[in-house]
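Let me begin by presenting the structure, written as structure tokens, before commenting on it.
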Amino acid sequence: GKRKRLNTSVLYDSDDESEDSDIVVRKVFAKRHCIMDEDESSEEQQPDKTCPTENISTNRKQKVFAKLKELAKQRATRRSCSSENCEDSNSEAEIEEEPLCHLPLTPTEVSETDSDSMKDFIVQEEEDDDDDDDDTEHIKSKNQPQQKELNTSNSELLAYYVPHLSRCDHYVHFKRIVKAFLINAIDDTFLSSLYDGTRQKKYAKDMLLSLHYLDDRFIQPRLENLISRSRWKDRYKERVDCYPDVRIVLKNPENISCQACELNRYCKFNVLLSGKLYNSRTLEADDFMSDDKQVLKVGVVCANRTRVYHNLKHFKYKLYVDCSSLTGLGGVEDEPVKDTVERLFSQLEDNGWIRKRYNDLEDYMNDADNFQEEK
């Protein structure tokens, strides 16, 4: 047993003089501590050989920290001087701080002031960092033209696919529609070629955009609003949609079921519906059952709603019919279509006809917006 302990102590410390196990244990721990100290001291004595980067970064951090401390002191001194209105404070600081108290700052002045106040605390890094910043700025400047092109293309797409975002004046849209109707009155394939995408020139795309604008922005939302707030039955709505001509005639009141909402009312109006069915896009009339008529007995509210709804629903078709009737007046023999359209359009604009029809449309829209709820 004694030999084993001696051997163990020799493994830890070959220079032990005592054979006592207790003393050996204490010496072993002491020796271990000493060995660790020697290792650490040897590492401290050779920092340059093992890790030169750590030493450089430590020195750099110390310099940065020292400079920050110095700048913080300067900043604190400057603030204390300005708060006490010290006359001994440096004149440049007073010149910079006085306008802040008396004058409102523009956004650029605010940003300059903020950047000046932060300059004291920004410590310049190595040249490598500057190179990285230069590269970043170069990449940003490269991307700027691409960003501008992307924004331009996005705005064009929005104007094309979402007509209500177009900044064009409403009256300009209306004049384009009148011109498109004049062309179609002479060449009855024009509107269909607009909608099927055959015509791709700018003037054709602008006319198509304006037609969508009239339908999707002016007319359809108001029609939907009128229907959503009514008690009309689908059958009555379909009849009003199909017949482009309407007459509302006052008759003797009768306490019967209204043929629009099917509720018991004092019905004193007859709604007379007539005219040809037509295509809502090409405005081409269908001659099938062209002489068909409908007579419906309705109450006061449904009669008024029918008038407002019908005026808007069939406004575009009525406008086209009027344009068609004008193209046959005072024509010039063998005149090109373009010249005929320009001549007619100028005449209609000069005599105020286009403006009058546009005012009619605005009145119809106002009637729809201001229509009262049913009681």
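The values are calculated or read from the model by the stated rules, or taken from the named source; none is laboratory data. Note that the structure is predicted; figures quoted are calculated from it, not measured. Positions of Cβ are generated from backbone atoms using ideal geometry, with glycine treated the same way; all protein chains shown enter the neighbour counts. For the accessible areas, the whole protein counts, side chains as well, though only heavy atoms, and no ligand, DNA or RNA atoms are used. Shrake-Rupley method; radii C 1.70, N 1.55, O 1.52, S 1.80 Å.
All of (1) surrounded by fewer than 15 Cβ atoms within 10 Å (Cβ to Cβ); (2) in a loop (DSSP other than H, G, I, E, B); (3) in contact with a Phe, Trp or Tyr (Cβ under 6 Å, 6 or more places away or on another chain) hold for ASN255 with one exception: (2). Restricting segment 223-235 to residues that are of a type outside the set (Gly, Ala, Ser), part of a helix (DSSP H, G or I) and more than 14 Å from ARG307 (Cβ to Cβ), the residue that is most open to solvent (accessible area, probe 1.4 Å) is ARG235. Within segment 270-307, being among the hydrophobic types (A, V, I, L, M, F, W, C) and touching a residue at least 60 places away in the same chain (Cβ under 8 Å) holds for LEU283, LEU296, VAL301, CYS302.
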